[in-house]
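Structure, as structure tokens:
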Amino acid sequence: MRGDEVAPHTDPSLWSCGVLGKVHGLRGELYLNLAPGGLERLERGERFYVDDEGAGGPRPCAVTRAGGTDRRPLVRLDLAATRDEAIALQGRELLAAGGDLDEQSHYRVGDLLGRPMRTASGRLVGEVRDVLETPAHEILAVRAPDGADILIPLVDELVSLEADGLVVVDGLLDEPEV
């Protein structure tokens, strides 16, 4: 599948599948070092891009083959027909867009850092200081007012992004003793 236009690097509709890793074989296949949720994005995406900051932003490409295993996927892109062309793509991020991905909520990590987090009932939880990647999903590291770190799974069922910060559902966190 091929995109008709180059999407800007900061386009929030682009989802990371992972980073193109070691080359496999002579026909341009690369292992994909998955981002959290990357395999699902690879399967659900309709348009694909390779992040190419030197060229001014993501470059459209087609995933001509996806194989390997769920733990160690292999991809072949129309940008690399030979081993040498695949080597030139190593370390670049494979991005997906379109289809079901357009309906999912999206954010940039930089937009979350420093934002306040409250419970749905309004109690201040703290300020987002980091976003950690795990195989299942991202985790918010929130610095509480007392200096403690609180780890909160960044999933739509638990956390929402609002204009004035993030909101976590009531009942997920222990309520402070009064």
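FYI, it's all coordinate maths here, none of it is from the lab. Please read these numbers as outputs of a predicted model, since none were measured by experiment. Every residue, glycine among them, receives a Cβ derived from its backbone with ideal geometry; neighbour counts consider all protein chains shown.
Given the range 18-115, what helices (runs of 4 or more DSSP H) lie entirely inside it while holding 2 or more residues that are crowded, with 20+ Cβ neighbours inside 10 Å and not polar (S, T, N, Q)?
On the way: elements: 38-44, 83-87, 109-112.
Those helices (runs of 4 or more DSSP H) span 38-44.
Within the bounds of the range 168-175, is there any residue that is of a type outside the set (A, V, I, L, M) and not in a loop (DSSP other than H, G, I, E, B)? So that I can check it myself, show each step before the final result.
Within the range 168-175, the subset of a type outside the set (A, V, I, L, M) is 170-171, 174-175.
Next, only the ones that are not in a loop (DSSP other than H, G, I, E, B) stay: none.
No, every residue in the range 168-175 fails to be of a type outside the set (A, V, I, L, M) and not in a loop (DSSP other than H, G, I, E, B).
From the list 149, 156, 164, which residue is surrounded by fewer than 17 Cβ atoms within 10 Å (Cβ to Cβ), in contact with a strand residue (DSSP E or B) (Cβ under 6 Å, 6 or more places away or on another chain) and not basic (Lys, Arg)?
Working: 156 fails: in contact with a strand residue (DSSP E or B) (Cβ under 6 Å, 6 or more places away or on another chain); 164 fails: in contact with a strand residue (DSSP E or B) (Cβ under 6 Å, 6 or more places away or on another chain).
Exactly one of 149, 156, 164 is surrounded by fewer than 17 Cβ atoms within 10 Å (Cβ to Cβ), in contact with a strand residue (DSSP E or B) (Cβ under 6 Å, 6 or more places away or on another chain) and not basic (Lys, Arg), namely 149.
Can you report the number of residues in the range 131-156 which are under 13 Å from residue 119 (Cα atoms) and part of a loop (DSSP other than H, G, I, E, B)?
The number of residues fulfilling the criteria is 1.
What pairs can you find where one residue is in the range 61-89 and over 13 Å from residue 50 (Cα atoms), the other is hydrophobic (A, V, I, L, M, F, W, C) and loosely packed, with under 13 Cβ neighbours inside 10 Å, and their Cβ atoms are less than 9 Å apart, with a gap of 6+ or different chains?
If the second residue must be hydrophobic (A, V, I, L, M, F, W, C) and loosely packed, with under 13 Cβ neighbours inside 10 Å, the pairs left are 82/26; 83/26.
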